[in-house]
Amino acid sequence: MKHFSLFLIIGLLLNTGCKNINTQKSQQIIRTDSFYGAIVADTIIYDVIIKNANPEDAWANECLKHFQHAALIDSLFYLVYNRQASAYDFFSEQALKVKDVQRMERENDFSRNRIGKIQFTERWYFDVSSQQFQKEVISVVLGYELVNDEGVVRGYKPVFKLQLNH
């Protein structure tokens, strides 16, 4: 019985000590150091499908039912054409001139409707006290559908990278 009590006391002390360490670490990591809160992702990159390539995919249809594809794509091109945002070649990172984007749009196989993916580069903030996430979009890359002979999307190629807020 004496050994059981000793093990119980040691176990409680270790358990309490671990909880304090974890609490201290989370408070240290999640500290407010900006207007939006703590930076929890200085840079994070992820893709979002914005056009359902398979009309029979009920889940994708549900996820995109409120998305306004043409409004977003037209707005991004508007920013480029009105020099309110800069477009860059995805691979070379060279700035594109408005006439370069216009030329691309005149190509026979190009259609804004075939832009099916967008890649975001963002900075994420989290404010513990308000339990709010804030996202700052740094750039977006538009992805153009590449289809095989049967019309099935086999991948995406970058149209251009758009730097925002710069």
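The values are calculated or read from the model by the stated rules, or taken from the named source; none is laboratory data. Quick caveat, the model's predicted, so the values are computed rather than measured. Here the Cβ positions follow ideal geometry from the backbone for every residue, glycine too, while neighbour counts run over all protein chains shown.
Would you be able to say whether some residue in segment 110-125 is over 16 Å from Lys157 (Cα atoms) and of a type in the set (A, V, I, L, M)?
There is no residue in segment 110-125 that is over 16 Å from Lys157 (Cα atoms) and of a type in the set (A, V, I, L, M).
Could you tell me which numbered condition Tyr144 fails, if it satisfies all but one of (1) out of contact with any Pro (no Cβ under 8 Å at 6 or more places or on another chain); (2) under 24 Å from Ser75 (Cα atoms); (3) modelled with pLDDT of 90 or more?
(1)
Taking Ser92, is it within 17 Å of Ser139 (Cβ to Cβ) and of a type in the set (Ser, Thr, Tyr)?
Answer is yes for this residue.
Can you work out which of the residues in segment 32-74 that are more than 22 Å from Val153 (Cβ to Cβ) and in contact with a Ser or Thr (Cβ under 9 Å, 6 or more places away or on another chain) is surrounded by the fewest Cβ atoms within 10 Å (Cβ to Cβ)?
Once the filter is applied, the top-ranked residue is Thr43.
Filter segment 107-126 down to residues that are modelled with pLDDT of 90 or more and acidic (Asp, Glu) and give me whichever is surrounded by the most Cβ atoms within 10 Å (Cβ to Cβ).
My answer is Glu122.
Restricting the first residue to segment 144-158 and requiring it to be small (Gly, Ala, Ser), which pairs with a second residue that is not in a strand (DSSP E or B) meet a Cβ separation below 6 Å and a spacing of at least six or different chains?
Correct list of pairs: empty, since none qualify.
Which of the residues belonging to segment 43-56 are assigned to a loop (DSSP other than H, G, I, E, B) and either outside the structural domain of Gln134 (by TED's automatic domain parsing) or touching a helix residue (DSSP H, G or I) at 6+ places or on another chain (Cβ under 9 Å) (or both)?
Ile50, Lys51, Asn52, Ala53, Asn54, Pro55
Starting from segment 68-89, take each residue that is assigned by TED's automatic domain parsing to the domain that holds Arg103 and farther than 16 Å from Ser111 by Cα and list its partners that are hydroxyl-bearing (Ser, Thr, Tyr) and surrounded by 15 or more Cβ atoms within 10 Å (Cβ to Cβ), counting only C-beta distances under 8 angstrom and pairs at least six apart or across chains.
These pairs meet every condition: Val80/Ser86.
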